[in-house]
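The structure appears right after this line, and notes come after that.
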Amino acid sequence: MRHGGNLDAAVQRYAIAHGDWLDLSTGINPRAYPLPAVASASAVLTRLPSAAREALLREVARKAYGAPVGAAIAAAPGSQILIQLAARLRAGAQVAIVSPTYSEHAIAWAREGAMVSEIATLSEVGDAHVVVLANPNNPDGRRHAPSDLAAMAGRLGASGGLLVVDEAFADVMPELSAAPYAGMPGLIVLRSFGKMYGLAGVRLGFALGAKEDIGKLAAWLGPWAVPGPAIEAGIAALSDGAWAEAARTAIDREAGELAGLLARHGLDVVANVGLFVLASHPRAADVADQLARRGIWVRTFDYAPTWLRFGLPGEATAMAWLDRAMRDAKDVIPRTP
């Protein structure tokens with residue numbers, strides 16, 4: 001199993017120093033939120049995290065995500081740990097995961113003794129007690145209407161089941177979020193802070209849902225789960241609605257430019273998910289290798305050998321770098337013989 005962001009592997013394989021890479025293998029906003037000084041102030045670093053400030057963080061996040069007042073919310077050091085803990089909520093259940101998607105979901109549920117099946121569409125759910133999906137999906141960009149997800153959660157919740165919706169990339173498409181339905185039995189919504197805000201190293205994530213399930217997640221996380229600097233970073237960024245709107249506009253524009261660039265160089269655009277663009281090429285592995293030789297690292301997929309995922313380059317100089325590298329790669333690897 002490979003994830004994006006595995007730049008160490010690229011450094012070792014291609015003998016190019018860390019600082020000389022353009023890493024497009026992740027879906028992280030290259031223009032990070034400008035953190036206030038309080039996030040690194042000495043008092044925040046030297047004291048245990050404040051329970052009152054974490055409570056404020058949760059309330060700010062609830063409002064930012066559009067969840068109702070009755071929804072419970074847990075804050076965690078990243079959404080990854082919430083993916084793992086959520087599998088304990090219905091350990092040993094029959095679980096259907098809409099795939100392909102982020103591979104850690106299947107791993108987490110299997111670890112907890114679940115009978116995991118991977119399905120292509122929600123019409124294949126069958127008798128599953130738990131359904132897991134990402135909206136929008138990583139990597140192929142599939143989308144589900146929030147009202148449809150609420151209806152499914154209602155059906156599952158009526159028999160004690162659960163719908164887990166991973167909204168790691170929903171910040172750029174808030175209209176897709178099921179967070180407005182959070183609090184109803186049978187629904188867990190997972191949110192990742194670091195992607196749109198460009199602060200993956202902060203490690204902050206949230207779970208929204210019914211009080212019983214969220215209470216269990218919070219108990220398993222234990223006290224002081226979120227570091228003080230992450231609390232302050234989250235409060236500042238999630239309170240800044242103007243920055244978020246401007247970021248969405250910029251991301252939409254840049255993703256469109258990226259998709260156009262890839263199409264000009266002979267790739268087929270499969271999906272534009274804002275923070276990344278998925279493209280296809282019959283010799284995708286060779287294209288990725290040629291880009292890597294030019295210091296650009298992109299995401300490949302063992303289960304879909306024609307796919308390549310490109311994160312946003314960010315600055316105009318980075319986009320130009322990619323443009324030159326794609327042109328050079330196309331000369332070396334024509335799309336057809």
Q. If you roll a 1.4 Å probe over the heavy atoms of the protein chains, what accessible area per residue do you get for region 281-337, in Å²?
A. 48
Q: With the full set of protein chains in place, find how many percent of the accessible area of region 49-125 is carbon and sulfur; take the probe as 1.4 Å.
A: 55
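If you take the Cα Rg of region 82-174 and divide it by 2.2 N^0.38 Å, with N the number of residues, what do you get? Working shown, then result.
On the way: Rg = 12.2 Å, N = 93, 2.2 N^0.38 = 12.3 Å.
The reported ratio for this selection is 0.99.
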Q) Against the longest alpha carbon principal axis of the chain, how many degrees, from 0 to 90 and to the nearest 10, is the axis of helix 228-239 turned? A) 80
Q: Name the residue farthest towards the positive end of the dipole of the chain from the options 29, 239, 65, assuming +1 on Cβ of Lys and Arg, -1 on Cβ of Asp and Glu, about the Cα centre.
A: 239
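Please sort by residue number the trypsin sites (Lys or Arg not before Pro) in region 98-145 whose DSSP state is loop and whose Cβ has at most 16 other Cβ atoms within 10 Å.
143
Would you mind getting me the FRET efficiency between residue 158 and residue 211? Use the beta-carbon distance for r and R0 = 25 Å, nearest 0.05.
Details: r = 17 Å, r/R0 = 0.70.
Rounded to the nearest 0.05, the efficiency is 0.90.
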Q. Helix 241-264: angle to the longest alpha-carbon principal axis of the chain, degrees 0 to 90, nearest 10?
A. 30
Q: Ignoring everything but the protein chains, give the 1.4 Å probe accessible area of residue 188 in square angstrom, nearest 10.
A: 0
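Counting only heavy atoms of protein chains, what accessible area per residue, in Å², does region 1-75 have with a probe of 1.4 Å? Please list the in-between numbers first.
Details: 4190 Å² over 75 residues.
For region 1-75, the solvent-accessible area averages 56 Å² per residue.
Rounded if a/c is under 1.5, else prolate if a/b beats b/c, else oblate: with a ≥ b ≥ c from the C-alpha gyration tensor eigenvalues square-rooted, which is region 1-49?
On the way: a/c = 2.57, a/b = 2.26, b/c = 1.13.
It is prolate, given that a/c is not under 1.5 and a/b is the larger ratio.
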Q: Go from 0 up to the bin containing the longest alpha carbon distance in region 1-141, width 5 Å each, and give me the % of pairs per bin.
A: 2, 7, 11, 14, 15, 16, 15, 11, 6, 2, 0
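So if we plug the beta-carbon distance of residue 239 and residue 15 into 1/(1 + (r/R0)^6) with R0 = 45 Å, what FRET efficiency do we get, rounded to 0.05? Before the final figure, lay out the partial values.
Numbers: r = 44 Å, r/R0 = 0.98.
Between residue 239 and residue 15 the formula returns 0.55.
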(Q) Not counting ligands, DNA or RNA, and with a 1.4 Å probe, what is residue 330's accessible surface area in Å² rounded to the nearest 10? (A) 80
Q. Using a 1.4 Å probe on the protein chains only, how many percent of the accessible area of region 225-337 belongs to carbon and sulfur?
A. 54
(Q) Once neighbouring chains are kept in place and the probe is 1.4 Å, which whole percent of the accessible area of region 177-219 is contributed by carbon and sulfur? (A) 58
Q.
Output the 0 to 90 degree angle, nearest 10, between the alpha-carbon long axis of helix 146-158 and the longest principal axis computed from the alpha carbons of the chain.
A. 40
**Q.** Spacing of the two label points (7 Å from each Cα toward its C-beta) at residue 148 and residue 304, in nm
**A.** 1.7
Q | Positive-end residue, region 66-190 charge dipole about Cα centroid, Cβ charges, pick of 144, 114, 189 | A | 114
Q: Arrange the residues 232, 212 by how much accessible surface each exposes, largest first, with a 1.4 angstrom probe.
A: 212, 232
Q. Which length gain, in nm to one decimal place, applies between residue 88 and residue 69 when the Cα-Cα distance is subtracted from 0.36 nm times their residue separation?
A. 4.3 nm
(Q) Quick check: pseudo-label points 7 Å beyond the Cα along Cα→Cβ at residue 289 and residue 31, how many nm apart are they? (A) 3.7
Q: Please work out how much length the chain gains when fully extended from residue 120 to residue 50, using 0.36 nm per residue of separation minus the C-alpha to C-alpha distance, in nm with one decimal.
A: 20.8 nm
**Q.** Equivalent ellipsoid semi-axes, the chain, via Cα gyration tensor eigenvalues times 5, rooted, Å
**A.** 33, 25, 17
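In debye, nearest 20: dipole of the chain around its Cα centre with unit charges on the Cβ of K, R (+) and D, E (-)? Kindly include the intermediate steps, with their values, before the conclusion.
On the way: 31 positive and 32 negative charges, 62 e Å.
Using only the charged Cβ atoms, the result is roughly 300 debye.
The values are calculated or read from the model by the stated rules, or taken from the named source; none is laboratory data. Fair warning: this is a prediction, and the values are worked out from it, not measured in the lab. Note: ideal-geometry Cβ built from the backbone for every residue, glycine included; neighbour counts use all protein chains shown. The area values use the complete protein model at the heavy-atom level, side chains included, leaving out ligands, DNA and RNA. Shrake-Rupley method; radii C 1.70, N 1.55, O 1.52, S 1.80 Å.
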